[in-house]
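For reference, the structure is listed below as C-alpha cells.
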Amino acid sequence: MNIIIFASGNGSNAENIIRYFTKTNHNIQFKVITNNQNAGVVKRCENLNIECLIFKKKDFENTKVLKFLEKIKPYLIILAGFLLKIPNSIINNFEKKIVNIHPSLLPKYGGKGMYGINVHKKVIANKEKESGISIHYVNGNYDEGEIIFQKSIEINYPSDSGKLSKKIHKLEMEYLPKTIEKLIKHIHNE
C-alpha cells in the first residue's frame, strides 16, 4: 500500500506519521513529495531512508505530478504542512483520497493564506475561547472539504500565538496518524 505525504516545511508531521506506522507494523510504503528543496522534510526523509521527491510548482500545474501519482496509485495522499493549492486535475483523479490537516476548527480561520502562525495570530487577536485541529478531505477550495475529524482545546489567557501553536502541534502529532489509521481501515473494509 502506497501513501504519499506532501510537505513544504520542517516535516515533523510527516516524520511522525512514518514513525507511527513503522511501529504499528502496517505494510505501507511511504514517499514524500515537497515543493521546497531546502525544506527540513528532505533531511528527515534522508534520516528515515524514505524517498523524497522534489517537484516545482509548475510540475503541479502541468501533468508531471499527476502522472507520477497515477503511476504509483496511492492509497491516500496526506497534506502535512503543504503550502501549494492542489490542482483540480489531481483532486478529481483522487477524490476522497487526499487528506489535509488544518490548525483551526474549520470553517473558522480557513482559506488562502490561513496556515501555521497566521491562523494562531488571528485566533488570539479575536480572543477565541477555543481552537483546535481539523482533518478534512481536499476539494477545489482551500479548507472547505468534508471534515473527517476535529479536536478542540480551550485557550487560557493570557496566551499568545506561539503558545497556541505548540498546543495545536501536539494535537496534530497525536491525532493525525490515528485518523489516517482509521481511514485506512475504513477504506480497506469498503
Helix axis angle, 116-125 relative to the chain longest principal axis, alpha carbon, degrees: 20
Nearest 10 degrees, 0 to 90: helix 161-189 Cα axis against the chain principal axis: 40
Whichever lysines have a C-alpha closer than 26 Å to that of Lys57, once near sequence neighbours (fewer than 8 apart) are set aside: Lys31, Lys43, Lys67, Lys71, Lys73, Lys85, Lys96, Lys97, Lys112
Ellipticity estimate at 222 nm from DSSP helix runs (n ≥ 4, -39,500 (n - 2.57)) divided over the chain, nearest 500: -13000 deg cm²/dmol
Dipole in debye (nearest 20) - the chain, about Cα centre, beta carbon charges: Lys, Arg +1; Asp, Glu -1: 280
Helix 12-23 vs. the chain, principal-axis angle (Cα, 0 to 90°, nearest 10): 60
Extension gain from Lys57 to Lys127, taking 0.36 nm per residue of separation minus the Cα-Cα distance: 21.6 nm
Under 12 Å from the Cα of Lys129 - aspartates and glutamates, other chains or at least 8 residues apart: Glu154
Convex hull (Cα only) mean projected area of the chain, reported in nm² to one decimal: 10.4
Which of Thr24, Asn126, Gln150, positive extreme of dipole for the chain (C-beta unit charges): Asn126
Set Lys108/Lys163; Lys58/Lys166; Lys23/Lys56; Lys23/Lys170 screened for pairs whose C-alpha atoms are more than 30 Å apart: Lys58/Lys166; Lys23/Lys56
Under 11 Å, Cβ to Cβ, from Tyr142 - net charge with Lys/Arg +1 and Asp/Glu -1: 0
Beta bridge orientation in the chain: antiparallel %, DSSP, nearest 5: 40
Neighbour cut-off at most 11 other Cβ (10 Å), DSSP loop, trypsin sites (Lys or Arg not before Pro), region 69-156: Lys112, Lys127, Lys129
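No lab work stands behind these numbers, since they all come straight from the coordinates. Values in this document were obtained by computation on a predicted structure and should not be read as measured data. Cβ: placed from backbone, ideal geometry, glycine included. Neighbour counts: every protein chain shown.
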